[in-house]
Structures are given as structure tokens and as C-alpha cells.
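Student: One structure follows; several queries about it will come next.
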Amino acid sequence: MRRRDIAINASTPLITRRRVLTSAAAFAGHTLVCSRPSFAATKQSSRIDVSGRNALRTHAAAKHLFFGAAVNPKALREDEDYARLLRQQCSMLVAENCMKWKAIEPQQGQFQFDDADFILAFAEKYKLKMRGHTLIWHDALPAWVEAGMTSSNARQWMIAHIQNICERYNGRIHSWDVVNEAIRPEDGRPDGLRNNIWLRTMGPEYIETAFRTARAADPAALLTYNDWGLEDESPQNEERRRIVLTMMRRLRQRNVPIDAIGIQAHLNLPNPAGYGAGLQRFLASLKELDLQVFITELDADDHRLPDNMELRDAEVAKAFGQFLDIVLPGPAVTAVLTWGLTSRYTWLRDRDHNSTPRGLPFDDNLEPTAGFNAIRDAFDRRRIQPAVPKPITLLRPGQSWR
Ligand code: XIL
């Protein structure tokens, strides 16, 4: 099967996509289904039932985890099958883009809450938790911020932005990504911080200002530092973990309110470095700092792999399994979210115009992928440590109860 025969992307008519997928399914030895892919048809043609006790959210809950995914609000409004799949599989949602600065405050003081409100209303209707993503980031800033921010207004603009959003959603957000992607060793600073617009206008203290403002505006939300490149055993990732840990220790020393780390987990394939001891040590150190860990943006970019769907599926499943087997034993891990639930709507499409990405739990046709199985099986393998009751009275050496 040559999946390069037809390039498909989000704008390709469904019926064309279906034809490509049908040939892909034939390649993988699946049953061919030629009807228009309504959810009912999808369900019937599935070889495995992924609803109810078989859903990712159920497997996750059995191991004290939330499972969730990043959501595209346009698709949530327009694609019923997608909406149904989200509530079937997820116990937590996060907005992929619509809570970013550019989307939510495109003009100074003029907030666009419609999409975020819509996703949150959906989450609340179906009793799903909601993560907030993201308050302070160097990316996705509107032109008015990029062009007009100076050392004299930056602090005030930051505080106003965070207060407006956190106060609006006060008490309704499980966790906020307060600061996103603040490190960049290549920028050459001894503290490893990224030389971004916040650092240039406010100095390194911008990070703690963001956290303190968020805590005051929404005391119930778990406040998170979120970043990428913390996953594999390459020297670059090890260096990034070291920088993040130093930053976390410093924030703790300064009593900055921070509750969690978000490990994005955009896995790149192939990944010769693999996942292992460095990541384990990182998790142990985060536990010592009493920080929760969320896997916030799991997906696998398979576009560098050969154009062979079986091979890609096997590699995605292997990467998900190996990575999750390292992180899930850590008792501090409380949530796993994929960046998109289905390759029908994913940013991975932007990387690869020649074939459909396989690195999410569901494919274009909302059928479970090998990645789905890998995530489910990794959840099942998680051992939950029994809670050890705290001793009420401590015996001194030599002392006995009698
Ligand atoms: C990505 C979105 O998925 C894209 O649709 C958008 O064009 C760019 O941003 N790290 C993050 C996410 O924290 O916000 C990014 O999301 C992916 C990398």
C-alpha cells in the first residue's frame, strides 16, 4: 500500500479520506467498510469494543489516573462522532489552542471566551475535569503584546491577563499550565532560561509573578510548569531535566505556589535514545519536592519513519509502552493526556502532508490504533502502592510497647 498515492489532510473531503483509509485498512488486513463513516458504522466495524469498561478513562481510573485529550472546539461543535468519542474515552480535557493568549485576549482587554466556555461547559456536562493551557508562554502571543510590551508595562499586562482568565474560571479548572516552555539551554544563560519576551521585559522573576498571580486568582487550581524535551535519554533531554529541577528547587525555596510539572511527551520517532534511568531519577526528584506529575501532551510524530503503516503502528506502540512504563510507576503521576485524541484532528498533520499520522489513540476514522492498545496496556500494568498509614506514635530505639 502506498499511502503517498493521495495526500490527505484536515480539509480533504471525508469521502476521499475514507477511500485512503480503506486501502490502508486493507493493507493492515482489516475488514473493509465502504459506508460513510457514521459513529454507528465505526462502532460496528471496530474489531474491539472501546466503550464503557474498555475505554481508556476506565483503565486509567482503575489505576488512580485521569486520562484526557486536547480538544479542538470547532470539531467539538461540528463533529458529533468526535464529541461522543471524547466523552467516552476521557475523564479530563484541555483546550488545544483556544485558551492561549492570542486566542483568548486578541486585543488588549477584549477577551474571547466563547470557545473556552464551550469546551468547559461540555466538560462540566459530562463531569470531566478540565486543564487550563496556558497562561504565560513565549508563543501564541497577539501582535499587540509582541509589539507593545516594555519593561514598564509587562508586569501589569501579565497580571491583568492572568487575573481576568483565572477569575472567570475560578474553581472550575483542575490545573493550570501557568508557565509553558520557559527553558532553552541553547540561549546560553547559566540558569538555562529561555531568552523570551517575558525574561527580557521582567527578568527571571516573571515566572514567580505568574504563579503567585494565578494562585491568588484561582486558589483551587493545581498550578503547573509545563515543558517538552524532558522524556528521553539523550544528553539534551538530560540537560533540560537538570535545568527544570534546579528551577523547581529555587521556586520551592522562595515559597512560590507550584503544585505540578507537566511533561509534554511529544515523542519523536525513531528515538534511538529511548526512555529510562534519567527520566526515572527526574521523577524521583520531583516526588521529593512534593510535585505532582501530569503527562500533558502525549503523541508520537511518526513522519520520519518509512511509509509502512504496520511498521509505524509497531513503533508508536513501542514508544508509548516504553515511555509510560517508565513514568507510570511514579506515584506522583496522576494524569495522562494525549495531544488530540484522533488523527482526524491533530497538529501532527502539519508535519506530514503525505500520510496520516498514526501517533494518537484513534485514527482518522475514529478506530482505535496500536497506540490505543499500548496506552491501555501500560495503564493495566501500573502497580498502585498501598497507602501506608502514618504511625501515630514513634518508638525510640530500645523502647517497646509493653
Ligand atoms: C500546538 C497546537 O497543537 C497547534 O495547533 C498550534 O498551531 C501550535 O501549538 N507545546 C504546547 C502546545 O504547549 O500548546 C502546542 O500546541 C504543542 C507544543
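Rule-based calculations on the coordinates, nothing more; no lab input. Since the structure is predicted, the reported quantities are computational estimates derived from the model, not experimental observations. Methodologically, a virtual Cβ is constructed for each residue, glycine included, from the backbone with ideal geometry; neighbour enumeration extends over all protein chains shown.
Student: For TRP157, all conditions in the list (1) crowded, with 17+ Cβ neighbours inside 10 Å; (2) under 21 Å from the mean Cα position of the chain (by Cα); (3) more than 27 Å from GLY229 (Cβ to Cβ) hold save one; what is the number of the exception?
Tutor: Tallying (1) crowded, with 17+ Cβ neighbours inside 10 Å; (2) under 21 Å from the mean Cα position of the chain (by Cα); (3) more than 27 Å from GLY229 (Cβ to Cβ), TRP157 fails exactly one: (2).
Student: Considering only the range 131-143, how many residues are buried (at least 16 other Cβ atoms within 10 Å of the Cβ), over 17 Å from the mean Cα position of the chain (by Cα) and either polar (S, T, N, Q) or over 25 Å from LEU223 (Cα atoms) (or both)?
Tutor: 0
Student: May I ask you to list the residues in the range 320-342 that are surrounded by 22 or more Cβ atoms within 10 Å (Cβ to Cβ), assigned to a strand (DSSP E or B) and away from the ligand (no atom under 16 Å from the Cβ)?
Tutor: Matches in the range 320-342: VAL333 only.
Student: Further question: Would you please name the residue that is nearest to ILE295 (Cα to Cα), looking only at residues in the range 160-181 that are acidic (Asp, Glu) and either within 16 Å of the ligand (Cβ to nearest atom) or surrounded by 17 or more Cβ atoms within 10 Å (Cβ to Cβ) (or both)? Don't jump to the end; show me each part of the working.
Tutor: Let us first name the residues in the range 160-181 that are acidic (Asp, Glu), namely 167, 177, 181.
So of that shortlist, the ones also either within 16 Å of the ligand (Cβ to nearest atom) or surrounded by 17 or more Cβ atoms within 10 Å (Cβ to Cβ) (or both) come out as 177, 181.
Numbers: ASP177: 12, GLU181: 14 Å.
Of everything passing the filter in the range 160-181, ASP177 is nearest to ILE295 (Cα to Cα).
Student: Which of the residues that make up the range 198-253 are touching a His at 6+ places or on another chain (Cβ under 9 Å) and among the acidic types (Asp, Glu)?
Tutor: Matches in the range 198-253: GLU231 only.
Student: Name the strands (runs of 3 or more DSSP E) wholly inside the range 184-279 in which the number of residues that are away from the ligand (no atom under 16 Å from the Cβ) and surrounded by 14 or more Cβ atoms within 10 Å (Cβ to Cβ) is 1 or more. Give the derivation first.
Tutor: Working: elements: 222-227, 260-263, 266-268.
By residue number, 222-227.
Student: Return the pairs, sorted by first residue and then second, in which the second residue is polar (S, T, N, Q) and surrounded by fewer than 20 Cβ atoms within 10 Å (Cβ to Cβ), the first residue lies in the range 105-130 and is farther than 12 Å from LEU86 by Cα, the beta carbons are less than 8 Å apart, and the residues are 6+ apart or on different chains.
Tutor: Listed pairs, sorted by first residue: GLU105/GLN112; GLU105/ASN164; PRO106/GLN112; PHE111/ASN164.
Student: Report every pair of residues separated by at least 6 positions or lying on different chains whose Cβ atoms are under 7 Å apart, first residue within the range 51-70 and free of Cβ contacts under 8 Å to residues at least 12 places away in the same chain, second among the small types (Gly, Ala, Ser) and assigned to a helix (DSSP H, G or I).
Tutor: What qualifies is THR58/GLY52.
Student: Hey, does the range 353-366 have a residue that's in a helix (DSSP H, G or I) and among the small types (Gly, Ala, Ser)?
Tutor: In the first step, residues of the range 353-366 are kept if they are in a helix (DSSP H, G or I); the result is none.
No: zero hits.
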